[in-house]
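Please treat every number below as a calculation from the coordinates, not as lab data. As the structure is a computational prediction, the values presented were derived from the model and not from experiment.
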Amino acid sequence: MAKFKKKKSEATPGPDDSKKRSVDINSNDIPETEKSDPVPDKIGDSSISIAEKSEKDKKLNKLFWMRVGLAVIAGAAATFIFEGIEGEERRWASIAFMIIVFIGTIIVAKGMKLQLPSSDRKKIVTQAIGSYIFLYLFTWIVTYTLLHSGSVSSGINL
């Protein structure tokens, strides 16, 4: 069990104590605050103008939606492309296909001529990578399940 130290402050005044004693608020009781320097305007200090930033954001947004769309299309296509492969090979072939399509989006993104600062260079690779992976896998699983649901007798009629 933890041991707590006793407080060494004054007791809280009761309701009768406030009537007996008058409260003086002096300027000495109020602590002084630190004076801060004015914050510089971020837009004026940055080397990237507003137009360049909005252009960069538009291109990153375009890259995001391109990867989301390709994830859905490639996930559905993987169901049909790898239909002839059986077992574990189908899974690994689909994952390899997912990686190849993603590398293709990286090449397209480099062709978009994104003017990114050196600190944001990895955004070309990391932009929408999570969404891409999960949407690809989700679409692949759902289309495979819907395609093969009639061949399995599960009691659900579609």
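Based on the alpha-carbon set only, what is the convex hull volume of the range 49-148 divided per residue, in Å³?
Details: hull volume 9.0 nm³, N = 100.
It comes to 90 Å³ per residue, whole-number rounded.
Each Cα pair under 8 Å and six or more residues apart adds its separation to the average, and for the range 49-148 the resulting relative contact order is 50 percent. Each residue of the range 109-116 was assigned a 3J(HN,Hα) from its phi angle through the Karplus curve 6.51 cos²θ - 1.76 cosθ + 1.60 (θ = phi - 60°); the sequence is 5, 5, x, 6, 6, 6, 8, 9 Hz, with glycine and proline shown as x.
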